[in-house]
Amino acid sequence: MRRILVVGAGHSGLQLALGLQAHGYDVTVMTERTPDEIRAGRVSSTQMMFPSQLALEAAQGLDLWDAQVPKLPYTGFTIPGPDGVPFVDWLGDMGGSESVDQRVKMSTWLELFARRGGHLVLHPVSVGDIDWYSRNFDLVVVAAGKGELVTMFDRDHERSIHTEPQRRLAVSYVHGVAHRPEVGEKAVHLNVIPGIGELYYLPGLTVSGPCEIILVEAIPGGPLDRFAGVRDPREHWARTLELIRTYAPWDYERTRGAELTDELGVLSGAFTPVVRHPVAELPSGGIALGIADVVVANDPITGQGANSAARAAAVYLAAIVEHGDRPFDRDWMQQTFERFWDYARHSVKFTTALLAPPPEHVVQLLAAGNEHQAVADRVARAIDTPSDFENFLYEPDKTHAYLREIGAMP
């Protein structure tokens, strides 16, 4: 029986570990925290899951919150003009998304992994630890996307565009946000404030039940960038609410009565989007394979992170099973990553595009969604399958051809 070590108990690591278990592999997961510690800890992400990746979880029997998590059939865009009045304001049918707080999801998956007979090593993980343990395993997969371990994987300068954070991030988990009156049900909504940043509403499920996850994406140094040094969670939420009142007033009344879900339901910070080389050299001469945000870290503005993690886990699982008893050498690792990159490159391109000021043809496309539901629906569904954006988003000629095709321009 082949022995595989997965370092990290996040989305990609646990989905991969549980998948390997189901195929009869001897799997060990190394992580710093117990399930109870994860469940009682701080929020870590916004983690919206799109239909295609939810199907991957369901195929493994990992969709354990179907009866509790809010269903999100629609995704909306609102963009105000210089006068503050929205000139883009629509809902697109994505087909159904969900968000389960990783405190809930990862603690439950980790418990499931242990119940199924998986080996769990609870220990702060260093490069030296991985090096020592790797001598007893056929394959080491690093799924811990933060801290010292990431430094083992070199930046891919050809595939990495940014050298500094493009947004300063602030997340609040709250109870008590009402539906948008015109929607009448839960929906994801992205308010794009030109030249300033974004305010993102995402209904989800947390440790205390259904909630709303509100993400502030601030252009560094701009008026949304107001969370540096804030330690009091109530002050964090008060600043978020004031930003909504000022820059997305159409959402203020439905939000003003909301309260934090818990004292650890806030998070702020920044990171640089990056693509890294997938193979790390260990001090003893061994090698390790990076997965998901270890090797492709996107800004959360497009919600691609958790979906890339799920896709990476599925791609790596298939590659491991297909490889049989052959050695997991450097060539195999690089080829496996390239299979994942064939998906991830579209997520990176879409995220990079949304982080930049939109060109005129993109504004024209989004505005067409007000009168043409087909546009709104196609944009929403392409967020799930970002390769489709190649056909109608990035190049003016393709955008205009699509708009003429549906009768949105002469």
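Remarks
- Charge tally in the Cβ shell below 13 Å around Ser160, where Lys, Arg are +1 and Asp, Glu are -1, Ser160 excluded: 0
- Cut-off under 5 Å, modelled amide H: who pairs with Ile291 long-range: Val142
- When both bridge partners sit in the chain, DSSP labels roughly 70% of those beta bridges antiparallel.
- For the range 243-287, the list of GluC sites (Glu not before Pro) that fall in a loop by DSSP and count at most 13 other C-beta atoms within 10 angstrom reads Glu263.
- If the segment from Glu235 to Arg330 were pulled out straight at 0.36 nm per residue, it would be longer than the present Cα-Cα gap by 29.3 nm.
- Among Tyr402, Tyr252, a tally of other beta-carbon atoms within 10 Å of each Cβ gives an order, fewest to most, of Tyr252, Tyr402.
- Ranked by how many other Cβ atoms sit within 10 Å of their own Cβ, fewest first, the residues Lys186, Lys71 fall in the order Lys71, Lys186.
- Distance from the range 1-41 to the range 112-139 (C-alpha centre basis), Å: 8 Å
- Scanning the chain for long hydrophobic helices, with DSSP H runs required to stretch 24 angstrom or more by C-alpha along their axis and to average at least 0.0 on the Kyte-Doolittle scale, returns 304-323.
- Each residue of the range 286-303 is assigned a 3J(HN,Hα), and the resulting list reads x, 9, 9, 10, x, 9, 6, 6, 5, 10, 9, 10, 9, 4, x, 4, 9, x Hz, derived from the Karplus form 6.51 cos²θ - 1.76 cosθ + 1.60 (θ = phi - 60°), x at Gly and Pro.
- The sum of -39500 (n - 2.57) across all DSSP H runs of n ≥ 4, divided by the residue count of the chain, sets its helix-only mean residue ellipticity at 222 nm to -11000 deg cm²/dmol.
- Mean-position separation - Cα centroids, the range 325-372 and the range 209-245, in angstrom: 28 Å
- Reachable aspartates and glutamates, given that their alpha-carbon falls under 15 Å from the alpha-carbon of Lys146 and they are not under 8 places away in the same chain: Glu32, Asp154, Asp293, Asp299
- Neighbour counts of C-beta atoms inside 10 Å place Ile291, Ile196, Ile301 in the sequence Ile196, Ile301, Ile291, starting with the fewest.
- Sequence-distant aspartates and glutamates (8 or more away, or on other chains) whose Cα lies within less than 15 Å of Lys398: Glu360, Asp388, Glu390
- Convex hull volume per residue for the chain, taking Cα atoms only, in Å³: 139 Å³
- Between the range 80-97 and the range 280-307, the Cα center-to-center distance that results, in Å: 33 Å
- Binning all Cα-Cα separations of the range 1-107 at 5 Å, short to long from zero, yields these whole-percent fractions: 2, 10, 16, 17, 16, 13, 9, 6, 5, 3, 2, 1, 0, 0.
- Considering only Ile38, Thr78, Gln60, and ranking their Cα positions along the charge dipole of the chain that arises from unit charges at the beta-carbon of Lys, Arg, Asp and Glu, the one farthest toward the positive end is Ile38.
- Converting the Cα gyration tensor eigenvalues of the range 358-405 into ellipsoid dimensions via √(5λ) gives semi-axes, longest first, of 14, 13, 10 Å.
- Max mean-square fluctuation residue, GNM over the chain, Cα-Cα springs under 10 Å, options Gln304, Gln15, Gln53: Gln53
- A DSSP coil position with no more than 13 other Cβ atoms inside 10 Å describes the following trypsin sites (Lys or Arg not before Pro) in the range 140-175: Lys146.
- Taking 0.36 nm per residue of sequence separation and removing the Cα-Cα distance, the Val183/Asp397 pair yields an extension gain of 73.7 nm.
- Cα-centred dipole magnitude for the chain, charges only on beta-carbon of K, R (+1) and D, E (-1), debye, nearest 20: 500 debye
- Formal net charge of residues neighbouring Ser387 (Cβ-Cβ distance under 15 Å; K, R +1; D, E -1): +2
- Dipole-positive endmost among Gly92, Gln102, Ala9 within the range 8-103 (Cβ charges, Cα centre): Ala9
Since every read-out is calculated from the coordinates, none of them should be taken as a lab result. Worth saying up front: this structure is predicted, and the values here are computed from it rather than measured. No Cβ is skipped: glycine too gets one built from the backbone with ideal geometry, and neighbour counts run over all protein chains shown.
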